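I'd like to ask you about the structure that follows.
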Amino acid sequence: MSSGILGTRATLVADVNLILQIVLLATLSIGAFQARRGRINSHHNLMTTAVVFNAVAIIAVMNPSFFRALPYSLRNPGAPGPTVMWPHMILGALAELIGAYLVIRLKLDPERASTLGSLKWVMVITLLLWVLALVGGIVVYYVWHVR
């Protein structure tokens with residue numbers, strides 16, 4: 001049995017990360033709602049928080065997990081774990097990189113934050129990538145720790 005809190009074979013770190021990712025999705029959703037209501041500062045603060053916490057989770061939890069699984073994944077590319085891990089990693093990396101770009105760009109150019117215009121579609125795509133990455137992460141969690 002594991003030392004996790006969700007009753008699976010996952011570690012405590014994996015369980016806490018899964019919960020954190022769900023909380024971050026809620027944070028992103030609230031942030032998107034704030035933007036639609038014209039509360040740009042609140043939106044920007046929430047999105048910055050989500051991107052920063054996700055970066056910490058990627059560096060501290062997901063990257064080490066990925067590199068532990070990499071040898072098995074390269075030897076068994078058609079196995080269920082690697083099959084779901086690669087799309088999750090690609091979508092998540094894209095979402096985080098674009099999210100970080102948006103946060104940094106708008107921090108460096110605050111005037112642009114009030115007239116998002118051309119960046120709105122990038123934000124929508126980033127949110128979609130983030131949601132797809134989270135769904136993929138839940139599938140990865142299930143395949144590696146539940147199934």
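Quick note: the coordinates plus some simple rules give every number you see, no bench work behind them. Everything quoted here is computed from the prediction, not taken from an experiment. Here Cβ is always computed from backbone atoms with ideal geometry, including for glycine, and neighbour counts include all displayed protein chains.
Criterion first (surrounded by 15 or more Cβ atoms within 10 Å (Cβ to Cβ) and closer than 14 Å to Ala133 by Cβ) does Ala55 satisfy it? Reasoning before the result, please.
Values: surrounded by 15 or more Cβ atoms within 10 Å (Cβ to Cβ): yes; closer than 14 Å to Ala133 by Cβ: yes.
Taking the combined requirement at face value, the residue satisfies it.
Here's a follow-up. So which residues in the stretch 64-96 are hydrophobic (A, V, I, L, M, F, W, C) and exposed (fewer than 13 other Cβ atoms within 10 Å of the Cβ)?
Hits for the stretch 64-96 are Phe67, Leu70, Leu74.
Report yes if Gln21 is surrounded by 18 or more Cβ atoms within 10 Å (Cβ to Cβ) and under 20 Å from Val146 (Cβ atoms), otherwise no.
For Gln21, the condition - surrounded by 18 or more Cβ atoms within 10 Å (Cβ to Cβ) and under 20 Å from Val146 (Cβ atoms) - is met.
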